[in-house]
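Here the structure comes first, spelled out in structure tokens, and everything after it is commentary.
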Amino acid sequence: MNMKAVAPGKAVLTGEYSVLAGGPAVVLATNSFVSISLESTGSESWTFETLGFESVPELVSPNRLPSSSGSSLISAILKKFGFVTLRDLSDEGLLPSKIITDSSSFFLSGKKLGLGSSAAVCTASYRLLCQVLNREPNIKEAIDIHRTWQGGAGSGLDVAASWHGQIISFQNAESQQFYLPPEIWIEFVWTGKSSTTFDHIRKFQSLNGKQNKKALESLKESSQTTKENFHLQNLLHYQKTLKEFDDACGLNIFSPEHNKLGTIAHQNGLAYKPCGAGGGDIGVAFGDDTNKENRQSFVDSATSAGFVCLNLETAEHGVRVTA
């Protein structure tokens, strides 16, 4: 048996943090894809290998599940399905195989870009295993598996983006297709530093106090307004509100690198914000038809400052499985 699944990454355009409190987010699925391939080997043992994320190849006997960091999501999925060992898969007609997880397009110079690699790996692995085990795939189950793997944290928007592709709005675990206005353009930039989403979410969940709640309500309101009217002035207001939320809560969303990119964007009349949890990873600049001539100026200035502008486009499709 030979089978392969691919799933796109994600970039949060608006709504980070507010989505964790019931607000809306707008998420773009990127044309960077994770791939998971399965090939029957005829061997007595299973082999698990990862590309991109550094992990030592693992040879696993049928009497257990894989345990390396590179195969932890596959184990999480199998446990959710009720499997205790790899030998149990033989009862479902799946013989020992080689499974290769390739997330190399989510890394640059050995550092993760922040495109939701774990969610894409989870989504692709889940759909692949559902296919070979004749299970009906369910996005809510996939979100639950990824959230459990993260220790109960996360909204599920990254799995939803990988599942559906294109651009979606996401709120309270529900997704709808979203269309950017034709006059809006976007430019993604990598700060050069990786960030850990899990740490930011945990810190957010520990927040309390009236000041934090007021800042969060303002962010939710701005997220809703921007989703309903996705134009540059609302994006500029959202950027300002996100910065005020960061200052009130001390989450370090706007790292020094993001602040520098924000200054470059401001000089060109653009809106700029970190994508997702912030603190590093990627950010996005927004412009429209009134300042489209400033796009190249922003790219040139960001590049001269040592940042990397990414040639990311919208993924035309979500997760897919092919034989």
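The values are calculated or read from the model by the stated rules, or taken from the named source; none is laboratory data. Computed from a predicted model, the values in this text were never measured in an experiment. For neighbour counting, all protein chains shown are included, and Cβ atoms are generated from backbone atoms with ideal geometry for every residue, glycine included. Only protein heavy atoms, including side chains, enter the accessible area calculation; ligands, DNA and RNA are left aside. Shrake-Rupley method; radii C 1.70, N 1.55, O 1.52, S 1.80 Å.
Here are a few things to note about the model shown:
- Test result for LYS203, open to solvent by 90 Å² or more (accessible area, probe 1.4 Å), basic (Lys, Arg), in contact (Cβ under 8 Å) with a residue 12 or more places away in the chain and outside any helix (DSSP H, G or I): no
- Among the residues of segment 99-128, those identified as under 24 Å from MET1 (Cα atoms) and not in a helix (DSSP H, G or I) are ILE99, ILE100, THR101, ASP102, SER103.
- Check on GLN224, modelled with pLDDT of 95 or more, touching a Gly at 6+ places or on another chain (Cβ under 7 Å) and open to solvent by 50 Å² or more (accessible area, probe 1.4 Å): yes
- Candidate set: segment 20-48, residues that are among the hydrophobic types (A, V, I, L, M, F, W, C), more than 14 Å from the chain's Cα centre (by Cα) and over 24 Å from ALA323 (Cβ atoms); chosen: the one most open to solvent (accessible area, probe 1.4 Å): LEU20
- Just one of the numbered conditions (1) within 20 Å of ILE201 (Cα to Cα); (2) open to solvent by 40 Å² or more (accessible area, probe 1.4 Å) is not true of PHE245: (2).
- If you go through segment 67-87 and keep only what is open to solvent by 50 Å² or more (accessible area, probe 1.4 Å) and either among the charged types (D, E, K, R) or part of a helix (DSSP H, G or I) (or both), you end up with SER69, LYS79, LYS80, ARG87.
- You will find that of SER195, SER162, the residue that is out of contact with any Phe, Trp or Tyr (no Cβ under 8 Å at 6 or more places or on another chain), modelled with pLDDT of 95 or more and open to solvent by less than 50 Å² (accessible area, probe 1.4 Å) is SER162 and no other.
- Selection within segment 122-153 - open to solvent by less than 20 Å² (accessible area, probe 1.4 Å) and either under 11 Å from the mean Cα position of the chain (by Cα) or under 18 Å from GLY9 (Cα atoms) (or both): CYS122, THR123, ALA124, SER125, TYR126, LEU128, ALA142, ILE143, ILE145, HIS146
- Being of a type outside the set (Val, Ile, Thr), open to solvent by less than 10 Å² (accessible area, probe 1.4 Å) and closer than 27 Å to GLY306 by Cβ holds for only one residue in PHE107, PHE188, and it is PHE188.
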